[in-house]
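Visitor: Attaching a single structure in structure tokens format; questions to follow.
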Amino acid sequence: MLDITPVPAFSDNYIWLIRDASGRKAAVVDPGDAQPVLQTLAESGLTLTTILVTHHHADHVGGVSGLIAAYPDAVVYGPAGERIRDLTFKLREGDRVALPEFDAEFRVLDVPGHTAGHIAYVGEGVLFCGDTLFAGGCGRLFEGTPQQMQASLSKLRQLPDDTLVYCAHEYTLANLGFAKWVEPDNEDLLAREEADMAQRERGRPTVPSTLGLEKLTNPFLRYDMPSVVSAAEQFSGQALTNPAEVFGAVRYWKDSAYD
Ligand code: ZN
Ligand code: FE
């Protein structure tokens, strides 16, 4: 079991920090800001050896140069399909990232949609999915089509139900608020919202969730459930004939609801 803790950054980002068993070495995922990571490393007596990034947005890579300035031996992994400075290894689907000091190995998945070259890391029962899949939601389509994003999410949906979903933002309550518009009668969703509200009231993260819970409650993974299909058809005023169309309608619905 990996030792993973959040380093909060900006208003709602989580930079995930992995510690090795000796408590001396650390890896981080999507360090948008160096300062809070440097502070945590110093307080915990950790040396940064590894940086994993999922996509090129500044709130995910903005801290990389500051971290390697402080830890010049740190190795940086990231997507082959995006322009990101300072990458040591450029990854695409099928690549493996072996991190023996953390007893971990991750597989790389291409998950385009939020950005064109977005990747995810899967292994050791965890998923680092950046801004592709969120707890209760999914990333906006900045550089991809609904078809691409739906295909990416269907790849993630095939992972085991007990996979821990480490996304990069605390957007959960807003996401679940929208999810209730799509599925007002989904009991699992209502129970989840109550539990996640209680977490936030105690100042705790709602992340990680599990993929099993996402499959029960996240409308963006439920593009083939009759309740979601009919809500999406009602929103868009036409018959929707495939999962990408249903996904696209729900994504468009959420975008228009909050703009
Ligand atoms: Zn992003
Ligand atoms: Fe982000």
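Visitor: With respect to Ala104, determine if the residue is within 16 Å of ligand 1 (Cβ to nearest atom), under 23 Å from Leu2 (Cα atoms) and in contact (Cβ under 8 Å) with a residue 60 or more places away in the chain. Give the derivation first.
Guide: Numbers: within 16 Å of ligand 1 (Cβ to nearest atom): no; under 23 Å from Leu2 (Cα atoms): yes; in contact (Cβ under 8 Å) with a residue 60 or more places away in the chain: yes.
No, not satisfied.
Visitor: Evaluate the following for Asp110: is it within 16 Å of ligand 1 (Cβ to nearest atom) and under 22 Å from Thr163 (Cβ atoms)? Walk me through how you get there before you give the answer.
Guide: On the way: within 16 Å of ligand 1 (Cβ to nearest atom): yes; under 22 Å from Thr163 (Cβ atoms): yes.
Taking the combined requirement at face value, the residue satisfies it.
Visitor: Condition check: surrounded by fewer than 23 Cβ atoms within 10 Å (Cβ to Cβ) and not aromatic (Phe, Trp, Tyr). Does Gly94 satisfy that? First the steps, then the outcome.
Guide: Working: surrounded by fewer than 23 Cβ atoms within 10 Å (Cβ to Cβ): yes; not aromatic (Phe, Trp, Tyr): yes.
Judged against the criteria, Gly94 is a match.
Visitor: Follow-up question, since we're still on this one. Give His55, His60 a once-over and let me know the one that is part of a loop (DSSP other than H, G, I, E, B) and crowded, with 17+ Cβ neighbours inside 10 Å. Don't jump to the end; show me each part of the working.
Guide: Details: His60 fails: part of a loop (DSSP other than H, G, I, E, B).
Unique residue meeting the criteria: His55.
Visitor: Now, a different point. Can you say whether Gly139 is in contact (Cβ under 8 Å) with a residue 40 or more places away in the chain, within 16 Å of ligand 1 (Cβ to nearest atom) and small (Gly, Ala, Ser), as far as the supplied structure shows? So that I can check it myself, show each step before the final result.
Guide: Numbers: in contact (Cβ under 8 Å) with a residue 40 or more places away in the chain: no; within 16 Å of ligand 1 (Cβ to nearest atom): yes; small (Gly, Ala, Ser): yes.
The answer is no for Gly139.
Visitor: Out of Leu127, Leu109, report the one residue that is closer than 25 Å to Cys138 by Cα, out of contact with any Lys or Arg (no Cβ under 9 Å at 6 or more places or on another chain), in a strand (DSSP E or B) and at pLDDT 95 or above. Explain how you work it out, then say what you get.
Guide: Numbers: Leu109 fails: out of contact with any Lys or Arg (no Cβ under 9 Å at 6 or more places or on another chain).
From the options Leu127, Leu109, the qualifying one is Leu127.
Visitor: Would a scan of the range 157-178 turn up a residue that is within 16 Å of ligand 1 (Cβ to nearest atom), closer than 23 Å to Gly203 by Cα and polar (S, T, N, Q)?
Guide: yes
Visitor: Another question about this same structure. Going by the conditions given, is Leu211 in contact with a strand residue (DSSP E or B) (Cβ under 7 Å, 6 or more places away or on another chain) and hydrophobic (A, V, I, L, M, F, W, C)? Don't jump to the end; show me each part of the working.
Guide: On the way: in contact with a strand residue (DSSP E or B) (Cβ under 7 Å, 6 or more places away or on another chain): yes; hydrophobic (A, V, I, L, M, F, W, C): yes.
For Leu211, the condition - in contact with a strand residue (DSSP E or B) (Cβ under 7 Å, 6 or more places away or on another chain) and hydrophobic (A, V, I, L, M, F, W, C) - is met.
Visitor: Another one. Does the range 178-216 hold any residues that are within 16 Å of the chain's Cα centre (by Cα) and surrounded by 18 or more Cβ atoms within 10 Å (Cβ to Cβ), and which are they?
Guide: Residues of the range 178-216 that are within 16 Å of the chain's Cα centre (by Cα), as a first pass: 205-215.
Hits for the range 178-216 are Thr206, Val207, Pro208, Ser209, Leu211, Leu213, Glu214.
Visitor: Any chance you could count how many residues in the range 114-152 are surrounded by fewer than 19 Cβ atoms within 10 Å (Cβ to Cβ), within 13 Å of ligand 2 (Cβ to nearest atom) and under 23 Å from Ala195 (Cα atoms)?
Guide: 0
Visitor: Just give me the residues in the range 64-92 being among the basic types (Lys, Arg) and assigned to a loop (DSSP other than H, G, I, E, B), in sequence order.
Guide: Going through the range 64-92, the residues among the basic types (Lys, Arg) turn out to be 83, 85, 90, 92.
Passing the criteria: Arg83, Arg85, Arg92.
Visitor: Take the residues in the range 21-52 that are in a loop (DSSP other than H, G, I, E, B) and acidic (Asp, Glu); name whichever of them is farthest from Ala69 (Cα to Cα). Steps first, answer last, please.
Guide: Residues of the range 21-52 that are in a loop (DSSP other than H, G, I, E, B), as a first pass: 21-24, 30-33, 45-46.
Cutting the leftovers down to acidic (Asp, Glu) gives us 30, 33.
Working: Asp30: 16, Asp33: 13 Å.
Selected residue: Asp30.
Visitor: Please go through (1) away from ligand 1 (no atom under 16 Å from the Cβ); (2) in a strand (DSSP E or B); (3) under 24 Å from Thr206 (Cβ atoms) for Trp16 and return the number of the only condition it doesn't satisfy.
Guide: With (1) away from ligand 1 (no atom under 16 Å from the Cβ); (2) in a strand (DSSP E or B); (3) under 24 Å from Thr206 (Cβ atoms) applied to Trp16, the lone miss is (1).
Each row is one residue, and each column tells you yes or no for (1) under 22 Å from Arg19 (Cα atoms); (2) of a type in the set (Val, Ile, Thr); (3) more than 16 Å from ligand 2 (Cβ to nearest atom).
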| site | (1), (2), (3) |
| --- | --- |
| Ser44 | yes, no, yes |
| His56 | no, no, no |
| Gly63 | yes, no, no |
| Gly66 | yes, no, yes |
| Pro72 | yes, no, yes |
| Phe89 | yes, no, yes |
| Ala98 | yes, no, yes |
| Arg107 | yes, no, yes |
| Val111 | no, yes, no |
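The values are calculated or read from the model by the stated rules, or taken from the named source; none is laboratory data. In this text, all values refer to a predicted model and were calculated from it rather than measured experimentally. Cβ sites come from the backbone with ideal geometry, for glycine too, and all protein chains shown count toward neighbours.
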